[in-house]
Amino acid sequence: MHLKASVIVPVYNVKPYISRCIDSILAQEYADWELILVDDGSTDGSGCICDEYADGDSRIRVIHQKNKGLSGARNTGIRHSTGDVLFFVDSDDYVSAQLINRALNALEQTQSDMVMFNARQVYGDRQANLFGYEITRDMEDTDYLRKWFLMGEDSHVAKRAYRRRSFGNLSFPEGFNYEDLAVNVSTLLQARRICAIPDVLYMYESEEHGSITQTRSLRNMKGLFYGWKRSMEDLPANPEYNEYRDLFRMRTLILLFYILYRIRTSDTFSAADIYIDSLREIYNAVSKSSDPWFGMNPDAVPAGVIQEFSYAAHVMTGQVQRRIRTSLHLDNRQNNKNILGYVIRMFSLDSIFQVLPDNSKHMFMTELQALSDSSEVPKRIEQKILSLAVKYGGGQDS
């Protein structure tokens, strides 16, 4: 079966980068593609550059619209596309000349609905490390790939290609950033077959310049919060997803605690911006009796304790993630270092220890001691661990 590719590129104020992006599509080894450039209200002339390219190649179409954000631009591109396979490329990035050819070959050879591939960070002309998870070999184990990528640390749609017929309702939530995360669970579960290839086919521009995907703001934080919350909600009730549900629950709480902390301590955040009542409802709904903060009113504890609750949630997130990664035979060294760092932050501050229940103190101290026995722990923090063990009774309840 011959497949046509649709490459969807949202464009917003990326004049220094847009030609590089479009040229990389024009250089594709595979010829049957269409490029949908969605000018999302650019004011720097990016849209005019797109029009010039469209005048020279009938496979390029340009849609000009008022600014709707990355999700709105992608959704417009999906609606106007006609290809069998969808690719999403950000306008400040560029791709390998083999992108479409290699991805379509993998989809056809494995009869998959989704293919994943590697991406590399670039800083202008300088190439850097791989971006997101590293795929080291050809993979066709759908169950493994689904469980690996469900963790959500690498949810980038630019590193995947989607067979349209398998994702008939694919759309991105408008009004939120971190839209890739918001559709990660639903698309992974919807795909009947998933494959992955080790080719580096996407180049992710990491220089700061304010494109749609790089602008940092309160909206970004709200988007990340929404993304983890939606991930939790999109999981089926099947017990095999309980670990993921707890993982997403903890990540939702991390963002919730951070937002509440910023509301209390920053002039740039306000309760009106965040809908504080809604946050309180979510806090009560997702907290469990086993959580260290369960039953506590976040409005009634000092702001510093709220921040430290986020450290505790980070530790508990790492613990869930460690169990998942162990089940997938993935390396846990960096995850353990992250857990250790957050435990040490907690034990370095007395305020949270005044409110933690005894069983939580014991759990965090046990985690600290377990990791301090590991050869992975840097020498420079061994003394810190020893002093904390003495201070808090070597893991015994206080």
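At a glance:
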read-out: Residues (β-branched (Val, Ile, Thr) and closer than 23 Å to Asn238 by Cβ) located in segment 135-190; value: Thr142, Val183, Val185, Thr187
read-out: Inter-residue pairs, beta-carbon under 8 Å, first surrounded by 15 or more Cβ atoms within 10 Å (Cβ to Cβ) and in segment 345-363, second among the polar types (S, T, N, Q), 6+ apart; value: Phe353/Ser398; Lys361/Ser398; His362/Gln396
read-out: Selection status of Arg230, touching a helix residue (DSSP H, G or I) at 6+ places or on another chain (Cβ under 6 Å) and at negative phi; value: yes
read-out: Flag for Ser171 being touching a Ser or Thr at 6+ places or on another chain (Cβ under 9 Å) and surrounded by fewer than 21 Cβ atoms within 10 Å (Cβ to Cβ); value: yes
read-out: Residue within segment 332-346 that is farther than 30 Å from Asp154 by Cα, in a helix (DSSP H, G or I) and among the small types (Gly, Ala, Ser) present; value: no
read-out: Answer residue from segment 15-31, given it is farther than 14 Å from Ile100 by Cβ and hydroxyl-bearing (Ser, Thr, Tyr) and is surrounded by the fewest Cβ atoms within 10 Å (Cβ to Cβ) among those; value: Ser19
read-out: Candidate set: segment 128-164, residues that are of a type outside the set (D, E, K, R), touching a residue at least 60 places away in the same chain (Cβ under 8 Å) and within 14 Å of Cys195 (Cα to Cα); chosen: the one surrounded by the fewest Cβ atoms within 10 Å (Cβ to Cβ); value: Thr136
read-out: Pairs with Cβ under 6 Å, 6+ apart, first in segment 282-295 and within 16 Å of Asn359 (Cβ to Cβ) and assigned by TED's automatic domain parsing to the domain that holds Gly227, second surrounded by 12 or more Cβ atoms within 10 Å (Cβ to Cβ) and at pLDDT below 90; value: Pro292/Leu356; Pro292/Ser360
read-out: Those residues of segment 174-208 which are of a type in the set (Asp, Glu), in a loop (DSSP other than H, G, I, E, B) and crowded, with 21+ Cβ neighbours inside 10 Å, in sequence order; value: none
read-out: Segment 3-16, subset in a loop (DSSP other than H, G, I, E, B) and in contact with a helix residue (DSSP H, G or I) (Cβ under 9 Å, 6 or more places away or on another chain), residue nearest to Tyr202 (Cα to Cα); value: Val14
read-out: Qualifying residue in segment 52-70 (condition: hydroxyl-bearing (Ser, Thr, Tyr) and either surrounded by 23 or more Cβ atoms within 10 Å (Cβ to Cβ) or closer than 27 Å to Glu140 by Cα (or both)); value: no
read-out: Residue match in segment 325-344 (condition: at pLDDT 85 or above, at positive phi and surrounded by fewer than 18 Cβ atoms within 10 Å (Cβ to Cβ)); value: yes
read-out: Residues of segment 78-98 classified as over 22 Å from the mean Cα position of the chain (by Cα), not acidic (Asp, Glu) and not in a strand (DSSP E or B), total; value: 8
read-out: Boolean, Ala312 is on the phi < 0 side of the Ramachandran plot and either at pLDDT below 85 or buried (at least 21 other Cβ atoms within 10 Å of the Cβ) (or both); value: yes
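The values are calculated or read from the model by the stated rules, or taken from the named source; none is laboratory data. This one's a predicted model, so the numbers in the text were calculated from it and none came from an experiment. Heads up, the Cβs are rebuilt from the backbone with ideal geometry, glycines too, and the neighbour counts pull from every protein chain shown.
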